[in-house]
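Written below as structure tokens is the structure these notes are about.
What follows is calculated from the coordinates using simple rules that are stated; it is not laboratory data. Just so it is clear, the structure is predicted and the values come from calculations on it, not from any experiment. Glycine also receives a Cβ, built like all others from the backbone with ideal geometry; neighbour counts cover every protein chain displayed.
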Amino acid sequence: VNRLLLKHTLKLADSLGSTSVLADYASIDAPSYSDMGFLEHGLPQGPAKLVTMLGRCDALIIAVPEYNWSYPGSLKNIIDWISCLKPCPLAGLPILLLAASPSLQGGVKGLIHFRVPLDALGGLVYPRLFTVSDALNAVGEQGIAHERVADALKETVEGFLDYSKRLRRA
Ligand SMILES: Cc1cc2nc3c(=O)[nH]c(=O)nc-3n(C[C@H](O)[C@H](O)[C@H](O)COP(=O)(O)O)c2cc1C
């Protein structure tokens, strides 16, 4: 459901003038972070490819499933790898966070945790964290089932694109 939510969000962003590229963090092959690994071999291939993609982005939208009231360890591992680069490729990048969860709280606790390392690395997290609760019913192949949620997502994407443009100009 997080992939679907991301897909619908990128489609919306593209309908408003963006050109998005979808990447799946679960397919990024990254061994567990190690200082010695970085010192001896640099970034592994998966995180290095992500860094190249980030270099071409004006903004980033990430859909993050909530795992045990937090966010997936695999995602933290990728962030730890790319944080070795100075400057960090996330610094100064506008970032919109999304989560979809079958629960009634919609994964908001995961996003509050997830923004912390992004803040630490200078990522410019959009203050409105967008979550969808009851996601197995609310998010489908064809789109967002509930009109209120679909409207809120559109409003969020419009706000985020405006925020990104302002930051780029600043
Ligand atoms: C290990 C694990 C822990 C999870 N913990 C939570 C949780 O604490 N809160 C929550 O709302 N959903 C939790 N979920 C559900 C996920 O956030 C997610 O909504 C669910 O996997 C469906 O989304 P997906 O289709 O994108 O995987 C958990 C799922 C997994 C696999």
Along the range 103-111, Karplus-curve 3J(HN,Hα) (6.51, -1.76, 1.60; θ = phi - 60°) to the nearest Hz, with x for Gly and Pro, reads 6, 7, 9, x, x, 5, 5, x, 5
Note: the range 1-93 at 37 °C, 0.692 mPa s; Kirkwood Rh on alpha carbon pairs; Stokes-Einstein D in µm²/s works out to 227
Amide H contacts under 5 Å for residue 63, restricted to residues at least 5 apart in sequence or on another chain and with H modeled in the peptide plane, are 98
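When the Kirkwood radius is taken over all Cα pairs of the range 1-45, what Stokes-Einstein diffusion coefficient follows at 4 °C and 1.567 mPa s, in µm²/s? Please list the in-between numbers first.
On the way: Rh = 13.1 Å.
The diffusion coefficient I find is 99 µm²/s.
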The chain: spread of alpha-carbon positions along the three principal axes, whole Å, largest first, is 52, 38, 24
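Two-decimal Rg/Rh of the range 44-135 from alpha-carbon positions, Kirkwood Rh? If you can, show how the numbers build up before the last one.
Numbers: Rg = 13.2 Å, Rh = 13.5 Å.
Result: Rg/Rh = 0.98.
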Which of 86/109; 109/154; 7/76; 76/109; 49/109; 49/76 exceed 27 Å between C-alpha atoms? The answer is 86/109; 49/109
To the nearest 20 debye, the chain has a Cα-centred charge dipole, built from +1 on Lys and Arg Cβ and -1 on Asp and Glu Cβ, of 400
